[in-house]
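Please read the structure below before turning to the comments.
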Amino acid sequence: MNETNLSGGLEALVQQRPDAVKRVFVKTYGCQMNVYDSQRMTDALAADGYVATDTPDDADLVLLNTCHIREKAAEKVYSELGRIRRIKAERAKAGRETLIGVAGCVAQAEGEEIMRRAPAVDIVIGPQTYHRLPDAVRRARAGNRVLETDYALEDKFEHLPQLREASVRGRGVTAFLTVQEGCDKFCTFCVVPYTRGSEVSRPVAQIVAEAERLAHAGVREITLLGQNVNAWHGEGPGGRRWGLGELLFRLAEIPGIARLRYTTSHPRDMDDGLIAAHRDLDVLMPYLHLPIQSGSDRILKAMNRRHTADDYMRLIDRIRAARPDIALSGDFIVGFPGETDDDFEDTLRIVRDVTFVQAFSFKYSPRPGTPGADMEFHVDEGVKSERLQRLQALLTEQQGDFAAGLVGRLTNVLIEKPGRSHGQWVGRSPWLMPVILDEKPGEIGDIVDVRIMRTGANSLFAQAV
Ligand code: SAH
Ligand code: SF4
Ligand code: F3S
């Protein structure tokens, strides 16, 4: 069955025989890659007649796509499972079956424990095996409990059905595209190398084909995803090794693609080819998420980041020389084991030296099985909270300064959707911040010139020019 038939058939079935349709509710936790994975899983289930629903109450299949990065993230999953289990029991009284699936990084890290602790769960499936989800669902419907967390030897992306054009259209003019997955860096605080496995890059042809499909479905802005997206490498024409820079140049040639971004990068993998792309490619947005975690060399070493604060500063200088208007965003961890007041002051200092327009900062959370969890001199929770507050105050101030500095300036926005208030429209600035417009300045998917008039809480207000 080709895709048009499938989507047409599914939509028609929903209209004609709503009772025959099966519904899947997917709840996504964690990073953008999980958002992308949830979309691919929903699409894979469409082939078996599942349509997405936005409430668990009428779902035949509830899928939690989970995150294991910090303690709180994993706890949320168990409390959500309690709620879903009660819905399952209620529905059973009415004679309706509900399958419960746990996917994502908690599934990978704690699959067997979930099976033990949560008997209502029917399917546990890891991030590397979700192309087998439709089969797992079939087996669960036949009464089996399914645990799929072995690293698959086959290529997941080869085995997934192609993107459904109907669902891409339903998701708007921006899209994620995973190009790289997994991590070999083993930072001592981080679970990702254990939950996502070792670094794998998707081949050029597969990525280009997916980007072309997205463009064909009306997508204008693509964000390439990877846990270490700039570690991506592939084979270009003539067997030459390509880095992410070359890939971006290739994707920029696709008709319809007006904006490219990528995330998340590791400072050690920012090579000359990628910096050249920032210099020469207008469609590559002047915004870069480049986590540093800490400004203290001692802590960076203990974290196994394998670069110093000075390496990072020099890298930023090179990037800014190539693209002076680039806006930087970062991730920070406070209270890593052994972090002293002086170490923390070093973090504040590097934040002042770099200036970030956006940032994510966290209290260190010891993760079972990572080296950090077994280190000495864990920092007191109260101290962590206090440091986080100080860091966030500084970062918020920098964000405010950046936004204020934009007032009066000309820029462009990608028109995305109607705003919440009547007549308003929402666009996306080159720096990811939403831009509110008072009137419709063009069609959805157009890129229009605007002047920034004032700043809002987390947005900018602008007028078309
Ligand atoms: N690959 C990316 C980060 C992926 S995880 C990189 O190397 O930068 C996203 C962010 O979560 C990290 O940048 C880090 O700031 C935070 N994080 C990861 N593990 C954590 C932990 N154990 N405690 C607190 N924050 C953590
Ligand atoms: Fe985690 Fe470090 Fe890998 Fe990023 S580079 S995913 S922080 S281990
Ligand atoms: Fe979380 Fe896994 Fe992403 S642990 S941050 S969902 S890679």
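Quick notes on this structure:
- Of the residues making up the range 90-127, those that are part of a loop (DSSP other than H, G, I, E, B), of a type outside the set (D, E, K, R) and away from ligand 1 (no atom under 16 Å from the Cβ) are 94, 95, 98, 118, 119, 120, 121, 126.
- For the range 327-334, the criterion of a residue being touching a Phe, Trp or Tyr at 6+ places or on another chain (Cβ under 8 Å), closer than 30 Å to residue 110 by Cβ and among the aromatic types (Phe, Trp, Tyr) is satisfied by at least one position.
- All told, residue 75 falls short of being touching a residue at least 40 places away in the same chain (Cβ under 8 Å), within 16 Å of ligand 1 (Cβ to nearest atom) and at negative phi.
- Qualifying residue in the range 172-182 (condition: closer than 28 Å to residue 294 by Cβ, of a type in the set (Val, Ile, Thr) and either at pLDDT 95 or above or not in a loop (DSSP other than H, G, I, E, B) (or both)): yes
- Members of the range 104-155 that are within 19 Å of residue 24 (Cβ to Cβ) and aromatic (Phe, Trp, Tyr): 130
- The numbered conditions (1) of a type outside the set (A, V, I, L, M, F, W, C); (2) more than 14 Å from ligand 1 (Cβ to nearest atom); (3) modelled with pLDDT of 95 or more; (4) touching a helix residue (DSSP H, G or I) at 6+ places or on another chain (Cβ under 8 Å) are all true for residue 210 except (4).
- For residue 160, the conditions (1) surrounded by 15 or more Cβ atoms within 10 Å (Cβ to Cβ); (2) modelled with pLDDT of 95 or more; (3) over 24 Å from residue 83 (Cβ atoms) are fulfilled apart from (2).
- Some residue of the range 127-135 being surrounded by fewer than 19 Cβ atoms within 10 Å (Cβ to Cβ), over 15 Å from residue 85 (Cα atoms) and touching a strand residue (DSSP E or B) at 6+ places or on another chain (Cβ under 6 Å): no
Yes or no, residue by residue, for (1) within 12 Å of ligand 3 (Cβ to nearest atom); (2) among the charged types (D, E, K, R); (3) modelled with pLDDT of 95 or more; (4) buried (at least 21 other Cβ atoms within 10 Å of the Cβ):
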{"site": "4", "(1), (2), (3), (4)": "no, no, no, no"}
{"site": "9", "(1), (2), (3), (4)": "no, no, no, no"}
{"site": "26", "(1), (2), (3), (4)": "no, no, yes, yes"}
{"site": "35", "(1), (2), (3), (4)": "yes, no, yes, no"}
{"site": "48", "(1), (2), (3), (4)": "no, yes, no, no"}
{"site": "58", "(1), (2), (3), (4)": "no, yes, no, no"}
{"site": "74", "(1), (2), (3), (4)": "yes, no, no, yes"}
{"site": "104", "(1), (2), (3), (4)": "yes, no, yes, yes"}
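- Top-ranked residue of the range 235-293 - restricted to ones that are under 30 Å from residue 189 (Cα atoms) and of a type in the set (Phe, Trp, Tyr), ranked as farthest from ligand 2 (Cβ to nearest atom): 287
- Hits in the range 365-422 (condition: closer than 24 Å to residue 283 by Cα and of a type in the set (A, V, I, L, M)): 403, 406, 407, 410, 413, 414, 415
- Residue 317 meets all of the listed conditions (1) in a helix (DSSP H, G or I); (2) of a type in the set (D, E, K, R); (3) more than 19 Å from residue 357 (Cβ to Cβ) but one, namely (3).
- The set of residues from the range 204-228 being farther than 19 Å from residue 69 by Cβ, assigned to a loop (DSSP other than H, G, I, E, B) and under 20 Å from the mean Cα position of the chain (by Cα) comprises 219, 220.
- Assessment of the range 72-89 against the conditions (of a type outside the set (A, V, I, L, M, F, W, C) and in a loop (DSSP other than H, G, I, E, B)) yields no matching residue.
- Any chance residue 373 is surrounded by fewer than 14 Cβ atoms within 10 Å (Cβ to Cβ) and either over 24 Å from the mean Cα position of the chain (by Cα) or at pLDDT 95 or above (or both): no
- If you go through the range 85-113 and pick out every residue that is of a type in the set (Ser, Thr, Tyr) and either in contact with a Pro (Cβ under 6 Å, 6 or more places away or on another chain) or within 16 Å of ligand 2 (Cβ to nearest atom) (or both), you end up with 0.
The values are calculated or read from the model by the stated rules, or taken from the named source; none is laboratory data. Remember, predicted model here, so these are calculated numbers, not experimental data. Cβ atoms come from the backbone with ideal geometry, glycine included; neighbour counts cover every protein chain shown.
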